[in-house]
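Heads up: the structure comes next, in structure tokens.
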Amino acid sequence: MIALSLVQVEYCALMEGTDEVVWLKRFLNEIAHIEPKSIIVHCNNVHSVKMARNPIFHIQIKHIECHHFVQGKVLFKEVDIKNVPSTMSTSSHKAIRKNKV
């Protein structure tokens, strides 16, 4: 898949993270019978968070293949998507950039 925008890349990364969290949640339930209510997934892209929370954005993101998955998990309260400002995020590309300078 070729991403057409940064928001699309961030949203698909959000989908990957959400998929991992849902898998871990089911795994915990199977081995220890622990079922967390809603797990918080952090994202540093405001537009991706808004798209995940609001199904009205369906028209604008219907070309993104992964949009149904994230919106469904938020709708059924399996995950909660929270925005983390970029200044607070500890992403690896910031660390790499600092090391190169």
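Collect residues whose amide H, placed 1.01 Å from N in the peptide plane, falls under 5 Å from the amide H of ILE81; neighbours closer than 5 in sequence don't count.
VAL41
Suppose the chain between ILE34 and ALA13 were pulled fully straight at 0.36 nm per residue; how much longer would it get relative to their current alpha carbon spacing?
On the way: separation 21, 0.36 × 21 = 7.56 nm, distance 2.63 nm.
Here the answer is 4.9 nm.
How far is it, in nm, from the label point at LEU24 to the one at ASN83 when both lie 7 Å from their Cα along the line to the Cβ?
Simple spin-label model gives 2.4 nm for this pair.
Under 5 Å between amide H atoms, partner at least 5 residues away or on a different chain: which partners does ASN45 have, H built in plane at 1.01 Å?
For ASN45, the qualifying residues are VAL84.
Rule-based calculations on the coordinates, nothing more; no lab input. The structure presented is a predicted model; accordingly, all values stated were derived computationally and were not measured. With ideal geometry, Cβ positions are generated from the backbone for all residues, glycine too; neighbour counts draw on all protein chains shown.
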